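Trainee: Have a look at the structure that comes next, please.
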Amino acid sequence: MDNFRHPFIGNMAAAVVDAEGVVVGWTGAAEELLGRPAEEVCGHPMSRLLAEPKLWDGLAAGRTGTAVLLDGRGDATDLAFRVLPLVADGPPRFLVIGAPAATVARWREEHAFTRELFLQDRVGLAVFDAELRLVRTNTHLLPYSGVPTDLKGRRLADFLRAEDAENIEGLLRDVLYSGRPLVLPEAQVRTVLDPQGGRLMGISAFRLQADGEEPMGVTALFTDTTELGRSRRRLELLHRATAAVGGSLSVYGTCVDLAAVLVPGLAEAAVVEVAEAVFHGDEPAPDHTGTLALRRAAEAGDGAGQVPIGTAVAVEAAGSSVPALTMSGSRPVMIAPLRARGIVLGRICAYREPGGERFESSDLELLQEIASRAALALDNARRYAREHRAAVSLQRSLLPPAASDTPAAVTASVYLPTNTDGGVGGDWFDVIPLSSARIALVVGDVVGHGLQASATMGRLRTAVRTLADLDLGPDELLVHLDDLVSQLAVEADDQGGNGVRGEPAPAGATCLYAVYDPVSGRCVMASAGHPPPAVVGPDGAIGYVELSPGPPLGVGGFPFEVAEVELAAGSVLVLYTDGLIGGGEGDLDEGMAELRSRLERAAVISRPLAEAGREITESLPAHRLPDDVTLLLARTRLLPTGDTAAWDVDPEPASVSRVRDAVTAQLERWGLEDLAFTTELVVSELVTNAIRYGGGAVGVRLIRAQRLICEVSDPSSTQPRMRRARLTDEGGRGLYLVAQLTSRWGSRYTDRGKAIWTEQEIPGS
């Protein structure tokens, strides 16, 4: 009796009593439970162990029950017991087995729990042995076709697809060997006979092992999470779609993001078609035949169709507003309208593989919900496109013509506005004719986006033109421009920091100002925080001007350095904003290296500049530009040596007639005799004034370009001014006459003083 052991509650106390109730046998478990050795109990009545001895007769007759026994220390112990008759030769005897009442109650609870667990049909339950063979299951293990009714002794690979069985057995084997419980990882469960997608099951498992013994198996619970998983994935897809379509204010960008979310989240292929009017910012409407003009805006996945992006598609307006589950040949198709504010903006078509699983009504409901949210984003993009178009039109109206042709250079430009949420930026460029056939090339970038940036850009461009008319050097011009930007910032602060329509005032700007002289071939420039220009030589060699940029405009208090380069005839000077080299987000060196590669591929020396400019910028993503892109190309010219003439004039009155005769002779050589009389008067007046007021040597220069240019220089820094002389005045009419005889005149400071210049139209030029 010492080895008597119950399989669930361990060693049980047991005793053998005779017909008189005397103990004749006592187990070791009984000794341990009550703390009484066998020699103390055997030969004595069983009733002596009870807290109430007189209850023994009733307990013995009852066969089962509970009783309070006294242990060796006299403490009471509640025991549950059972009396079993022993069949043997000799006088009758009885086996009394007992265990603590709490232990027996727990065993009964566990037994009831286990029985009911195998009877329930909401969770699949399976017991596997150490070889992962099924020992016992409930009726709800895998509730779909292809599972045998009798699973005892089978392995999962007997009825599940090999890859699914291997995956699940791998999880269970880890539990068996490591003892670590498994909690609800999801696994695909498909039977060998089931052609569909099977079910998604959550699996929990724990090891079965008795104390001190080898593991005997694994118990696993299978929970069907297919619908829960579908609902979760649909909700996640809806969230992703909402986030994706809300991240762009571009019509094309919204459509591309939408198609990318639908595949493979909901379908194998998707097509987004949008009404033509939406791309222009207008509200779509069917024509008189009830047809709505759509354009294929985006697609994703294989087999989305043979129609290229951008192709026009005409559909019936009534049909385009109805969601549908249908078939396209053997392909399941879902169609949902993109409708916002009662207006149909387009539609979404979702496809699955030919012969594949059909869409369900819940899939269509999900697509409708995605379409409704996408339609709101698309309508916002449409409204933004309308405002953006107006802003771009305003900005373009503030910029000069895209191309120009001057004696100094032929220019072409490309301007690509950003399509970000902030609106158009503050990029600008300009080509400004200067005196003496020179030309000023300007490119700048106002920090920020929106109408305020465009307005600031317009003010800066006007200021640059005004300062350029004064013929200031590049460094001096940038100093004045820097003061202006600082004043604008102060004005914005005085107004509470708000600019146009409540937008913040721009924080500053960058600018590059270059002056090119076609007579000498010299180009001088200065930069306020702007990247250096590139130069493409006539031989195709590409390099960047060694320029030390000063601080951006608006910083104040710092000088600007001037750089000077010699440009051969036919060279191309490349000015640009940082949007072309990364929008300020990437590495500047990498961006400039990429621009060098673009210039090499575009072959700017041998091609028309406008064509080359388009190729340089055509690979940029039009609907995802992080910043405005401005590119200005200038192919330089050199005036022939014979188109200029210069004389040094002694500062004495007799020199006036000599230089006048020399000028007349030069005009005759150029075939400009028609301009001789006017030019003689102009030269006489300007040289006379220079001799009288200049205080030093006088220089005269003629330049034949598109116009006849006459320059008279002297050492004085006093600028001339035109006034109206009174009838009694003997002088004061010289500059007035010069202004009347020429088409344009002015003066500029030079390194040696000043120069007064005039321009006359050349007949027939």
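Trainee: From the residues in the range 723-749 that are exposed (fewer than 15 other Cβ atoms within 10 Å of the Cβ) and touching a Gly at 6+ places or on another chain (Cβ under 9 Å), which one is modelled with the lowest pLDDT?
Mentor: Ala725
Trainee: Here's something else I'd like to know. Select from the range 167-204 the residues that are of a type in the set (Lys, Arg) and on the phi > 0 side of the Ramachandran plot and list them in ascending order.
Mentor: none
Trainee: Let me ask you something else. Is there a residue being modelled with pLDDT of 90 or more and part of a strand (DSSP E or B) anywhere in the range 350-358?
Mentor: So far as the range 350-358 goes, yes, one or more of its residues are modelled with pLDDT of 90 or more and part of a strand (DSSP E or B).
Yes/no matrix, rows are residues, columns are (1) among the charged types (D, E, K, R); (2) surrounded by 21 or more Cβ atoms within 10 Å (Cβ to Cβ); (3) in contact with a Phe, Trp or Tyr (Cβ under 8 Å, 6 or more places away or on another chain):
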site: Met327; (1), (2), (3): no, no, no
site: Pro332; (1), (2), (3): no, yes, yes
site: Leu338; (1), (2), (3): no, yes, no
site: Val344; (1), (2), (3): no, yes, no
site: Pro354; (1), (2), (3): no, no, no
site: Glu357; (1), (2), (3): yes, no, no
site: Asp363; (1), (2), (3): yes, no, no
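Trainee: Can you tell me which residue among Val392, Val410, Val414 is surrounded by 21 or more Cβ atoms within 10 Å (Cβ to Cβ) and among the hydrophobic types (A, V, I, L, M, F, W, C)?
Mentor: Val414
Trainee: If Asp627 satisfies every condition in (1) exposed (fewer than 15 other Cβ atoms within 10 Å of the Cβ); (2) among the acidic types (Asp, Glu); (3) touching a helix residue (DSSP H, G or I) at 6+ places or on another chain (Cβ under 9 Å) but one, which is the exception?
Mentor: With (1) exposed (fewer than 15 other Cβ atoms within 10 Å of the Cβ); (2) among the acidic types (Asp, Glu); (3) touching a helix residue (DSSP H, G or I) at 6+ places or on another chain (Cβ under 9 Å) applied to Asp627, the lone miss is (1).
Trainee: Let me ask you something else. Within the range 88-194, considering only strands (runs of 3 or more DSSP E) that don't extend past its boundaries, which have at least 1 residues that are free of Cβ contacts under 8 Å to residues at least 40 places away in the same chain and of a type in the set (A, V, I, L, M, F, W, C)?
Mentor: Once the strands (runs of 3 or more DSSP E) in the range 88-194 are filtered for at least 1 residues that are free of Cβ contacts under 8 Å to residues at least 40 places away in the same chain and of a type in the set (A, V, I, L, M, F, W, C), what remains is 134-137, 186-189.
Trainee: Something else now. Please go through the range 322-342 and give me each residue that is closer than 15 Å to Asp379 by Cβ and in contact with a strand residue (DSSP E or B) (Cβ under 9 Å, 6 or more places away or on another chain), ordered by number.
Mentor: From the range 322-342, those closer than 15 Å to Asp379 by Cβ are 337-342; that's our starting set.
Correct list: Pro337, Leu338, Arg339.
Trainee: Now a separate question. Given the criteria surrounded by 11 or more Cβ atoms within 10 Å (Cβ to Cβ), at pLDDT 80 or above and either under 30 Å from Gly153 (Cβ atoms) or among the hydrophobic types (A, V, I, L, M, F, W, C) (or both), does Leu34 qualify?
Mentor: Spelling it out, Leu34 is indeed surrounded by 11 or more Cβ atoms within 10 Å (Cβ to Cβ), at pLDDT 80 or above and either under 30 Å from Gly153 (Cβ atoms) or among the hydrophobic types (A, V, I, L, M, F, W, C) (or both).
Trainee: Something else now. So which of Pro518, Pro506 ends up being modelled with pLDDT under 65, on the phi < 0 side of the Ramachandran plot and in contact with a helix residue (DSSP H, G or I) (Cβ under 6 Å, 6 or more places away or on another chain)? Walk me through how you get there before you give the answer.
Mentor: Values: Pro518 fails: modelled with pLDDT under 65.
Sole residue among the options that is modelled with pLDDT under 65, on the phi < 0 side of the Ramachandran plot and in contact with a helix residue (DSSP H, G or I) (Cβ under 6 Å, 6 or more places away or on another chain): Pro506.
Trainee: Continuing with the same structure: Which residues, taken from the range 578-616, are modelled with pLDDT under 90, in contact with a helix residue (DSSP H, G or I) (Cβ under 7 Å, 6 or more places away or on another chain) and not aliphatic (A, V, I, L, M)?
Mentor: Selection gives Gly582, Gly584, Gly591.
Trainee: Quick check on Leu33: is it assigned to a helix (DSSP H, G or I), under 17 Å from Ile97 (Cβ atoms) and more than 60 Å from the chain's Cα centre (by Cα)? Don't jump to the end; show me each part of the working.
Mentor: Numbers: assigned to a helix (DSSP H, G or I): yes; under 17 Å from Ile97 (Cβ atoms): yes; more than 60 Å from the chain's Cα centre (by Cα): yes.
When the stated conditions are applied, Leu33 passes them.
Trainee: Then there is this: Would you list the strands (runs of 3 or more DSSP E) that sit entirely within the range 363-440 and hold 1 or more residues that are modelled with pLDDT of 90 or more and among the small types (Gly, Ala, Ser)?
Mentor: Here the list reads 403-405, 409-416.
Trainee: Considering each residue of the range 216-262, count those that are in contact with a strand residue (DSSP E or B) (Cβ under 7 Å, 6 or more places away or on another chain), buried (at least 19 other Cβ atoms within 10 Å of the Cβ) and β-branched (Val, Ile, Thr), and give that number.
Mentor: 4
The values are calculated or read from the model by the stated rules, or taken from the named source; none is laboratory data. As the structure is a prediction and not an experimental result, all values here were calculated from the model. Quick reminder, even Gly has a Cβ in these numbers, built from the backbone with ideal geometry, and neighbours come from all protein chains shown.
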